[in-house]
Amino acid sequence: MERKDGRACDMPRAHKITTDFVSTAAGSCLIETGGTRVICTASVEEGVPPFLRGKNCGWLTAEYAMLPASTGRRKQRDGLKKDGRGVEISRLIGRALRQAVDRERLGERTITVDCDVLEADGGTRTAAITGGFVAVVCAIDKLIKEGKLKESPVMHQIAAISAGVVEGEPCLDLCYIEDSSADTDMNFVMNEQGEFIELQGTGEGAAFSREKLNRLIDLGENGCRQLMEAQREVLGERAKWICQKQKLVLASNNAHKIEELRAMLNEKYDVISMREAGFTAEIAEDGETFEDNARIKAETVMQATGYLTLADDSGLSVDALGGAPGVHSARYAGDQHSDLENNQLLIKNMENVPEEQRTACFVSCIAIASPFKPTQIVRGECPGKITFAPRGEDGFGYDPYFEYENGLTFAQMAGKEKNRVSHRARAMEKAMKLL
């Protein structure tokens, strides 16, 4: 089949994106796809709509309109009654671009993307989505440069393109003439992982087969990938804000803990120590509970660095001692302590406690402090009992005296076996669901 403009069936129209097209907008571009031209602007306002107030997240919405002279015949401007087609496309653009942004990390602010069609030659809605994404990234860049955001909330790259069946042949990126006579018309909105955000399709002229659907999907995916390359190219240095890993500060400088957490999160976050985040001050852990101390550490580091922070506080709680040593586990025998001195004091205080009353548990509380929402705290406990004499050569702290339900002390268990059942592992399992 020979197309009206001479393109191959799998070839998109020539496209061009010009960033910063509107100097007064937080972010903007002009996107040209064949004869279609759309101005996309992103405006940022502090605050969110009433239905989101107090929910610690932002909002992204969109408005789409065709200028009166965008088609060969003058289009009436919207009055009190909105154009139904324009409303439907506005909602599509908003739905699509909300998938690009982590609204919690955006904070309580609203981004409005306005898409105004200068000239319409088919594919205006898909061009608006593709250009709208570029405008959003430009707006995020401005927020970061102004110090209003520490990191980019753009978690996905979004692009959109059309395809259809023309004269029995699946074709990519239909112009108006092809679109108006197509048997099948489809729109594809996708992210950088090749996942569908929206797939719209209808057999207006004739029903279509699974074979043709599969071919249209292949065309749409390839077209979206080409547009994503164009988006990154025109964004230049600003493209670094796309899919930027969020930093997660561990309120510790323990390299082993950092590597362990990084492995658990499967590289989802950029995990760094508090020293790497620029925090070197001492933290006064003067809370009365494990939860208090975990919160103090997490919030202190988060407020100083501006990054998502994870902190844990852990220790041994013995029932016969009223929960002691508790939050004082590390300094049970005094500030100038040693593991040996802590254990000696523990056993001395337990010398008259019979075996059936020597129950205890290791406790770990993990706090996750975010710049955008209230701190969340989880607790993990590992039950056991205190032995009369030490057993085992491994572990540290109270491990030689803490017998797990399998009959072995923590000092007798292999590291991997202990880490599977430990108080910290149980707390981390809960924390992972929050992350």
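What follows draws every value from the coordinates through simple rules; no lab data is involved. Predicted model, so just to flag it, every value in this text is computed and none were measured. Because the Cβ atoms are built from the backbone with ideal geometry, glycine has one as well, and the counts that use them run over all protein chains shown.
Quick check on the range 1-134: of the DSSP beta bridges with both residues there, what percent are antiparallel, nearest 5%? Please list the in-between numbers first.
Details: 22 of 30 bridges.
Expressed as a percentage, antiparallel bridges in the range 1-134 total about 75.
Computed log10 I(q)/I(0) for the range 247-434 at 0.08, 0.12 Å⁻¹: -0.27, -0.59, from the Debye equation with unit scatterers placed on every C-alpha and solvent omitted.
Taking 32 Å as the cut-off for C-alpha to C-alpha distance, list the pairs among Lys240/Lys416; Lys16/Lys82; Lys245/Lys385; Lys150/Lys257; Lys245/Lys297 that go past it. Checking Cα-Cα distances, Lys240/Lys416; Lys245/Lys385 exceed 32 Å.
Of the GluC sites (Glu not before Pro) in the range 1-63, which ones lie in a loop per DSSP and count no more than 13 other C-beta atoms within 10 Å?
Details: sites: Glu2, Glu32, Glu45, Glu46, Glu63; in loops: Glu2.
Sparse-neighbourhood loop GluC sites (Glu not before Pro): Glu2.
The range 155-243 has equivalent-ellipsoid semi-axes of 28, 13, 9 Å, by the square roots of 5 times the alpha carbon gyration tensor eigenvalues, sorted largest first. Most mobile of Ala284, Ala251, Ala42 per a Gaussian network model of the chain (Cα springs, under 10 Å)? Evaluated over the chain, the most mobile residue of the options is Ala284. From least to most packed, judged by other beta carbons within 10 angstrom and beginning with the fewest, Asp121, Asp102 follow the order Asp102, Asp121.
For the range 329-371, state which GluC sites (Glu not before Pro) are in a DSSP loop and have at most 12 other beta carbons lying within 10 Å of their beta carbon.
Details: sites: Glu341, Glu351, Glu355, Glu356; in loops: Glu351.
Answer by residue number: Glu351.
Remark: spin-label model distance Asn222-Phe372 equals 3.7 nm, labels positioned 7 Å along the Cα→Cβ axis. Each residue of the range 86-102 is assigned a 3J(HN,Hα), and the resulting list reads x, 5, 4, 5, 4, 5, 4, 4, x, 4, 5, 6, 5, 5, 7, 10, 7 Hz, derived from the Karplus form 6.51 cos²θ - 1.76 cosθ + 1.60 (θ = phi - 60°), x at Gly and Pro. Could you work out the percent of alpha carbon pairs in the range 15-241 separated by over 21 Å, rounded to a whole number? When every Cα pair of the range 15-241 is considered, 54 percent fall beyond 21 Å. Taking the number of Cβ atoms within 10 Å of each Cβ as an exposure proxy, the fewest-first ranking of Thr409, Thr24 is Thr24, Thr409. Placing a label point 7 Å from the Cα of Lys150 along the Cα-to-Cβ direction, the residues of the range 269-306 whose backbone N falls under 11 Å from that point are 277-279, 299-306.
Using equal-weight Cα scatterers in the Debye expression, the normalised intensity of the range 199-271 in log10 at q = 0.12, 0.14, 0.17, 0.21 Å⁻¹ is -0.65, -0.73, -0.81, -0.92.
Note on the chain: GNM, Cα springs under 10 Å; of Leu172, Leu97, Leu340, the largest mean-square fluctuation is that of Leu340.
Let me check I have the definition right: for the chain, take the eigenvalues of the Cα gyration tensor, multiply each by 5, take square roots. What are those semi-axes in whole Å, largest first?
Numbers: eigenvalues 710, 108, 56 Å².
Result for the chain: semi-axes of 60, 23, 17 Å.
Within the range 407-428, list the residues whose amide N lies under 18 Å from a label point set 7 Å along Cα→Cβ of Glu355. Within reach of a label on Glu355, which here means backbone N under 18 Å from a point 7 Å along Cα→Cβ, the range 407-428 contributes 407-410.
Exposed loop sites here are chymotrypsin sites (Phe, Trp or Tyr not before Pro) in DSSP loop states with at most 13 other C-beta atoms within 10 Å. What is the longest stretch of the chain lacking them?
Details: sites that count: Phe388, Phe396.
In the chain, the maximal stretch lacking such sites is 1-387.
Using θ = phi - 60° and the Karplus form 6.51 cos²θ - 1.76 cosθ + 1.60, what ³J(HN,Hα) does each residue of the range 19-31 get, whole Hz, x for Gly and Pro? Values per residue, Gly and Pro as x: 7, 6, 6, 10, 5, 8, 8, 5, x, 7, 7, 10, 10 Hz.
Given the C-alpha atoms of the range 324-414, compute the convex hull and give its volume per residue in Å³. It would help to have the intermediate numbers written out before the result.
Working: hull volume 11.7 nm³, N = 91.
Measuring per residue, one finds 129 Å³ for the Cα hull of the range 324-414.
Computed from the C-beta positions of His328 and Ser23 and an R0 of 45 Å, the FRET efficiency is 0.15 to the nearest 0.05. If a spin label sat at a point 7 angstrom from the Cα of Lys82 along the line to its beta carbon, no backbone N atom of the range 24-47 would be nearer than 13 Å. When both bridge partners sit in the chain, DSSP labels roughly 80% of those beta bridges antiparallel. Measuring between their Cα centroids, the range 203-246 and the range 174-199 lie 9 Å from each other.
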